[in-house]
Structures are given as C-alpha cells and as structure tokens.
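Student: For reference, the structure I am asking about is given below.
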Amino acid sequence: MTTAERYASAKEMYAKLGVDTDAAIAKLKEVPVSLHCWQGDDVIGFDHDGPLTGGIQTTGNYPGKATTPEQLFADMEKAMSLMPGAKKINVHASYAIFEDGEFVDRDQLEPKHFKRWVEFAKKHNMGLDFNPTFFSHPKMKDGLTLSSPDEETRRFWINHGKACIRISQYFAEETGIPCIMNIWTGDGYKDIPADRMGPRMRYKESIDEILSEPFDFNKVKPCVESKVFGIGVEAFTAGSGEFSLLYAAMNKDKCIPLMDNGHYHPTEVVSDKIPALLTFFDEIALHVTRPIRWDSDHVVLFDDETKEIAKEIVRCGGLDRRVKLALDYFDASINRISAWTVGFRNFQKALLMALVTPSEELKKLQDENRLTELMVRQEEVKTLPFGDVWAKYCEECGAPVDGAWFDEIVKYENEVLSKR
Ligand code: RNT
Ligand code: ZN
C-alpha cells in the first residue's frame, strides 16, 4: 500500500471517532518549535574556550562537533532538512559571532554580533529566540551571577541581561516574529547555606533591573526558568520553582514563566503543571527535554511524558500562541545531528498524536463520570494507525518519513563530520 492509501484508511478510522486528521496536519504545520543551537557543539558557543561550568554539563566525546559558525549553520541546515514542521532557532548569547578579530565581553554585546544569526533565520523564514548566558564565564564568582553578593559581579551580569534584551528586540524587529528571551542561572550552593533569602532578594532585584531595560512586550517575551538543583549546587538553587513562578506572576506585564521538564523532583510532571499555569497566565514557555533521574538533558523520545505534555498543550489551546515551545537537550555521546533530528521529530510526533486524540469525546466521558469507559477508550486510542498520519505529515512537509533519513546522517558523517 502507498502512503496515500494507508493515510486514507487511517483517516477513516479517526473520522469515526470525530477526529479530522487533515485539520490536525494543517494545524501542526503552523506551529513553530524552537530548535536549540546548543545541541550542535555541546553548549560551548563561540565566545570562550574551555569546558562548561555552573550546574550545566555535557557528557560524551562523539567526533565531529561544530567549532565554527559555518559548521554549526551547516549542521543545523542538515538536521532541519530531516525534520517536518515549522521552526524557530534558539540562540544563546555565548554564540555571538565576532568578525575581523573583534571581541567584546558579554556585558557589551550588541545586535551586530548576532547579525549572522538574523541572516540565517531570514534565509529559512524563521523567528529567533534568545538566552543570556549566565554560565561558563570567568565573571561567575563563586558559582554566582545575578544573585552574587559581590556588587561588581552582579552589575556585570545585569548589564549582560540588559544587552540581551536589546538583542532580543532586534531579533523580533528583524524577523517580524516575537523573541522569547529566557533567563536561567545556575546560581546556588553545593551545601547548606546560612542565608537563603539574601541570594533570592538579589536575584529578584537583578531581574527587575534587567527588565527595566525598555522593550516591547509584544515583541520580546522575557521568561524566568526555574530549577530544583544542578550538579555542584545540590543544596540550594536561587531560581527555585516558587521563586521563578512567583516572579513571573508578580510581573505579568513584562515576563512569563518557563518550565523545563528536567527541572523538577522526579515524580512531578510538567504535563500536570501546564493547565495549572494556564489557569493564571496568558502565556507560558516550555523547555522540552528528557530527564533520566535528574536534569540530564537526554534527547527527547516519543515517551509517555512527552506525549502527555503534548496532549496538555493541545487540549489547553496552547498551540495558538499561549505555549511557547522549545527543545533543550544536549547529548555529546552520539551523532549530534541525529540527536537534533530524533528529538525534534519525536516532539512533532507527540504534538501530532495529541492533535488526533479524540479529546472532546474523552472529556465528555470524564464529565459524565463514565470513568470505566474512559479508561477503555484511552487505551484503545493508543493503537490507532497513527504512523500512517505521521507519514502523511512528513510527506506534506517535504521531510523524509521514518526509515528514510538515517542514511543521510551516515553520509553526512562520512563526508563532513569525520573530516573535522
Ligand atoms: C539548564 C537550563 C537551561 C540550559 C540552556 C542551555 O539546566 O535548562 O535552559 O539548558 O540555557
Ligand atoms: Zn532549560
């Protein structure tokens, strides 16, 4: 059977449950997912040498990582050619591109240092998201940035944040697409602190100052990302869940909350937090990742929690602007282009599966307290011929179907990566 024949049969089966698969495909095509530039080079960037520091860690030494902007752009283009769906690109400040021997520190960054990213985005009709880089830098003092008790240190990082607001505004104006600017620091303590409130008060004041930089909230969406702990900061994280959520809640006119599903205690699930936050916030942002035991940033799989996150996004009306979607993982132990591709495709799969779930019917069963039947139906939905809808979606997007792209990775590895 051809893809078209299989799709026709699947479409009929879904239609019996009240699901319009054509509409689902059309909807997903419009929704951008932000692809993180940092999978391509293990979060190193172009503004410093040396390893990562500050509660963030990559492991693995797979050959062929990108070490120049040209290589990173080429690798991203390769990966993007293998992924269906609309994209944005998520850039970190450490990926500033200096030309003609120029170099400025992070507090002095200007839009011009990201001109090449804008060109890259325009070439592919994409928006850009942005992140100040509060890690891997000598100005981190004793593991602290925005919450440092050292005024000069804190000032440096505030100025970095303000510079990033200006760059985010530039991204939005150049691309015509709003820029999500995410504030995350790994500030914290390895062992029991004597003062938990001081760092948090300083962190709050620092974010206040960053967000006092003028910007248009329709164009720049600053977020605060929370975290439960990081490597080396096991006892205390300044930007904890309550801190970050409350910061966003108290500053709704200039900031939105960001949840990374690697940043919670292992039995907590972000799928359940999405509707909770959307009850109170007009917009929220997500980092979709895969924690194994902790915030290990493994490549996103088509697993239960990814599917559940996607279902909540769809059911809560999140695809229409309210939920800002981004990926955040970095695996240095496997082919990085494959990592990008598998993770992106898996999240697309989860979103498409959520779009073809008969949510209205299932909700009705819940509201009528027909919970026995709800369980039966929810289980049956799992074995509908979803793969045929997915194949059709890939084809319509001009992307390879499952089974037809890995050879491309092998070829690129042999022809390009292995020569680096
Ligand atoms: C770290 C946070 C953060 C980073 C990126 C690189 O735990 O998840 O979002 O992964 O900024
Ligand atoms: Zn994250």
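The values are calculated or read from the model by the stated rules, or taken from the named source; none is laboratory data. Everything quoted here is computed from the prediction, not taken from an experiment. Cβ coordinates were reconstructed from backbone atoms using ideal geometry, including for glycine residues, and neighbour counts include every protein chain displayed. For the accessible areas, the whole protein counts, side chains as well, though only heavy atoms, and no ligand, DNA or RNA atoms are used. Shrake-Rupley method; radii C 1.70, N 1.55, O 1.52, S 1.80 Å.
Student: Would you list the P(r) distribution for the range 124-264, with all Cα-Cα distances sorted into 5 Å bins from 0 and each bin expressed as a whole %?
Tutor: Going out from 0 Å in 5 Å bins, the range 124-264 shows 2, 11, 20, 23, 20, 13, 7, 3, 1, 0, 0 percent.
Student: Given all pairs of different Cα atoms, what value in angstroms does the Kirkwood hydrodynamic radius of the chain take?
Tutor: 22.2
Student: For the range 65-110, what's the radius of gyration and Dmax over Cα atoms, in angstrom?
Tutor: 13.4, 38
Student: Express in Å², to the nearest 10, the accessible area of F103 obtained by rolling a 1.4 Å probe over the protein heavy atoms while all chains stay in place.
Tutor: 120
Student: Rank by packing, highest mean first: peptides 331-340, 404-413, 113-122, with packing defined as the count of other Cβ atoms within 10 Å averaged across residues.
Tutor: Answer by packing, highest mean first, reads 331-340, 113-122, 404-413.
Student: Specify, per residue and in Å³, the volume enclosed by the convex hull of the alpha carbon atoms belonging to the range 70-186.
Tutor: 112
Student: Any idea what log10 I(q)/I(0) is at q = 0.22 Å⁻¹ for the range 105-172, Debye with uniform C-alpha scatterers and no solvent?
Tutor: Log10 I(q)/I(0), no solvent term: -0.87.
Student: Report D20's accessible area, 1.4 Å probe, all protein chains in place, as a number in Å² to the nearest 10.
Tutor: Its accessible surface works out to 90 Å², give or take rounding.
Student: Once you list every other residue whose beta carbon is under 13 Å from the beta carbon of M126, what net charge do they have if Lys and Arg are +1 and Asp and Glu are -1?
Tutor: Here the charged neighbours net out to 0.
Student: Still on this model: So what is the relative contact order of the chain, in percent, for Cα pairs below 8 Å that sit 6 or more residues apart?
Tutor: RCO, the chain: 20 percent.
Student: So if R0 is 60 Å, what FRET efficiency would D105 and V401 give, r being the distance between their Cβ atoms, rounded to the nearest 0.05?
Tutor: 0.80
Student: Between M375 and S296, take the C-beta separation as r, use R0 = 30 Å, and let me know the FRET efficiency to the nearest 0.05.
Tutor: About 0.40, to the nearest 0.05.
Student: What's the magnitude of the charge dipole for the range 205-331 around its Cα centre, counting Lys and Arg as +1 and Asp and Glu as -1 at the beta-carbon? Answer in Debye, nearest 20.
Tutor: 400
Student: Say we join alpha carbon atoms closer than 10 Å with springs in a Gaussian network model of the chain; which of A310, A276, A249 then has the biggest fluctuation?
Tutor: Comparing A310, A276, A249 in a Gaussian network model of the chain, the most mobile one is A276.
Student: To the nearest µm²/s, what D does Stokes-Einstein give for the range 1-151 at 37 °C and 0.692 mPa s, using the Kirkwood radius over alpha carbon pairs as Rh?
Tutor: 177
Student: Taking amide H positions as placed in the peptide plane 1.01 Å from N, state which residues far from M181 in sequence (5 or more) or on other chains have amide H under 5 Å from it.
Tutor: Amide H neighbours of M181, under 5 Å, 5+ apart: F130, K221, C223.
Student: Between the range 302-336 and the range 182-240, how many Å separate their Cα centres?
Tutor: Comparing the Cα centres of the range 302-336 and the range 182-240, I get a distance of 23 Å.
Student: Can I ask one more? If each residue of separation counts as 0.36 nm, what is the full-extension length gain between S9 and N61 once their alpha-carbon separation is subtracted?
Tutor: Gain on stretching S9 to N61: 14.2 nm.
Student: Counting only DSSP beta bridges with both residues in the range 170-253, tell me the antiparallel percent, nearest 5.
Tutor: About 40 percent, rounded to the nearest 5.
Student: Compute the projected area of the convex hull of the Cα atoms of the range 367-420, averaged over all viewing directions, and report it in nm² to one decimal place.
Tutor: 6.7
Student: With a 1.4 Å probe and every protein chain left in place, work out the accessible area per residue of the chain in Å², rounded to a whole number.
Tutor: In whole numbers, the chain has 43 Å² accessible per residue.
Student: Pulled fully out, how much extra length does the chain show between M201 and K16, if you take 0.36 nm times their separation in residues and subtract their Cα-Cα distance?
Tutor: That pair, M201 and K16, stretches by 61.0 nm at full extension.
Student: Going toward the positive end of the dipole of the range 1-113, with +1 on Lys and Arg Cβ and -1 on Asp and Glu Cβ, which of P69, Q39, S9 do you reach last?
Tutor: Of the listed residues, the answer is S9.
Student: Size of the dipole of the chain about the Cα centre, Lys and Arg at +1 and Asp and Glu at -1 on the beta carbon, nothing else charged, in debye to 20?
Tutor: 380
Student: Take the Cα radius of gyration of the range 269-348 and divide it by 2.2 N^0.38 Å, with N its residue count; two decimals is plenty.
Tutor: Against the compact-globule rule of thumb, the ratio is 1.12.
Student: Can you put D303, D297 in order of accessible area, largest first, using a 1.4 Å probe?
Tutor: D303, D297
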